[in-house]
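What follows is a single structure, written as structure tokens, with notes after it.
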Amino acid sequence: MHPYVISLIGGLLIGISVFIMARGLGRVTGISGIAASALVARDSGWRWAFLLGLLLGGWAISSLLNLSATPVASGWSLPIAGLLVGFGTVLGSGCTSGHGVCGIGRLSVRSIVATVVFMAAGIATVALLRALQY
Amino acid sequence: MNSTKAIAMAFISGLIFAAGLALGGMMDPVKVRGFLDIFGIPAGRWDPSLAFVMGGALIVAFAAFRREWMRAKPWAGGVFEFPSAKQIDARLILGAVLFGMGWGIAGYCPGPAIASGLVGGSSILIFLAAMVVGMLIAKRVAK
């Protein structure tokens, strides 16, 4: 199968996960929101259950399909990137899943704006790092 | 919201989400960065995989959130609690800019980062620890 078709199937699976969370629990599947709230909010049993599924699922399917992942950041850039992602997603109330999939799926203008902005910031950052040969 | 039914559905949903990320290639930072590298289009090194993943996810998400197709209550009981915020403010934009920068540097957004927790070696653990710290700081300062 063409790699893009496999990517599309992967996307459909993510959509099914979003569907179950929306219809089953009445929640959006925003990973940053689920993770950040799990850390501080009470009654987070369902959040931890989702995160555990995500963690174990990632391990299981990676092992099953023998997937490889190559880190692109090392040294200090790793914790800096982690801080930016954690801080930015909480400040901006969402990430690729919350704004990019659920928010756009709900036709939220706020989420469309956020998605365009974080995509543009990501594109600019990669371009800058490339220019700096990093 | 924390009935056995809700917990089981959330867990299964997490498993399916991870399977989708893995199949979509999103657990590989090289592919994610390859997508953000749009200036690589003329050189033929752009990787559009992420667009297919998002497209596939959106097709189902549009259906998932169609109000007309929803029952009165979620399957696990309780009420629908979807975000209601509409404002486009400095907080939203600054947050998105900072997130996009981190995403571009490491090639990880929160979903793939957590899904890679047990398979990404020490580098992902450093990233995840920093991400948690970043989230907690933001929760503190941005109330």
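The values are calculated or read from the model by the stated rules, or taken from the named source; none is laboratory data. Since the structure is predicted, the reported quantities are computational estimates derived from the model, not experimental observations. Heads up, the Cβs are rebuilt from the backbone with ideal geometry, glycines too, and the neighbour counts pull from every protein chain shown.
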Subject >> Residue that is nearest to the chain's Cα centre (by Cα) [pool: residues in the stretch A:1-28 that are at the interface with chain B (Cβ under 7 Å from one of its Cβ atoms) and in a loop (DSSP other than H, G, I, E, B)] >> reply: A:V28
Subject >> From B:G40, B:G34, B:G56, B:G78, residue being surrounded by 13 or more Cβ atoms within 10 Å (Cβ to Cβ) and at positive phi >> reply: B:G78
**OP:** Might you let me know whether the stretch A:43-50 holds any residue that is touching a residue at least 24 places away in the same chain (Cβ under 8 Å), in contact with a Cys (Cβ under 9 Å, 6 or more places away or on another chain) and facing chain B (nearest Cβ under 7 Å)?
**Re:** no
**OP:** Find the residue count for the stretch A:16-27, including only residues that are farther than 13 Å from B:G111 by Cβ and either among the aliphatic types (A, V, I, L, M) or surrounded by 24 or more Cβ atoms within 10 Å (Cβ to Cβ) (or both).
**Re:** 5
Original post:
Can you pull out the residues in the stretch A:90-110 that are more than 7 Å from chain B (Cβ to nearest Cβ), farther than 18 Å from A:L13 by Cα and in contact (Cβ under 8 Å) with a residue 40 or more places away in the chain?
Top reply: A:G94
Original post:
Within the set of pairs 6 or more residues apart or between chains, which connect a residue that is assigned to a helix (DSSP H, G or I) inside the stretch A:111-126 to a residue that is of a type in the set (F, W, Y) with Cβ atoms less than 7 Å apart?
Top reply: A:F118/B:F99; A:F118/B:W103; A:G122/B:W103
**OP:** Select from the stretch A:65-87 the residues that are modelled with pLDDT under 95 and aliphatic (A, V, I, L, M) and list them in ascending order.
**Re:** A:L65, A:L67, A:A69, A:V72, A:A73
Original post:
Looking only at residues in the stretch A:63-77 that are out of contact with any Pro (no Cβ under 8 Å at 6 or more places or on another chain) and farther than 18 Å from B:L21 by Cα, which one is surrounded by the most Cβ atoms within 10 Å (Cβ to Cβ)?
Top reply: A:S77
Original post:
Residues B:F65, B:F17: which one is at the interface with chain A (Cβ under 7 Å from one of its Cβ atoms), among the aromatic types (F, W, Y) and out of contact with any Cys (no Cβ under 9 Å at 6 or more places or on another chain)?
Top reply: B:F17
**OP:** Name the one entry in B:V79, B:V60 that is at pLDDT below 95 and either closer than 30 Å to A:Q133 by Cβ or at the interface with chain A (Cβ under 7 Å from one of its Cβ atoms) (or both).
**Re:** B:V79
**OP:** Name every residue in the stretch B:91-119 that is surrounded by fewer than 24 Cβ atoms within 10 Å (Cβ to Cβ) and within 22 Å of A:I14 (Cβ to Cβ), in order of residue number.
**Re:** B:G117, B:L118, B:V119
**OP:** Select, from A:A49, A:A60, A:A36, the only residue that is in a helix (DSSP H, G or I) and surrounded by fewer than 18 Cβ atoms within 10 Å (Cβ to Cβ).
**Re:** A:A60
**OP:** Those residues that are in a helix (DSSP H, G or I) and either touching a residue at least 24 places away in the same chain (Cβ under 8 Å) or at the interface with chain A (Cβ under 7 Å from one of its Cβ atoms) (or both), I need them from the stretch B:130-143; list them, please.
**Re:** B:A130, B:M131, B:V132, B:V133, B:G134, B:M135, B:L136, B:I137, B:A138, B:K139
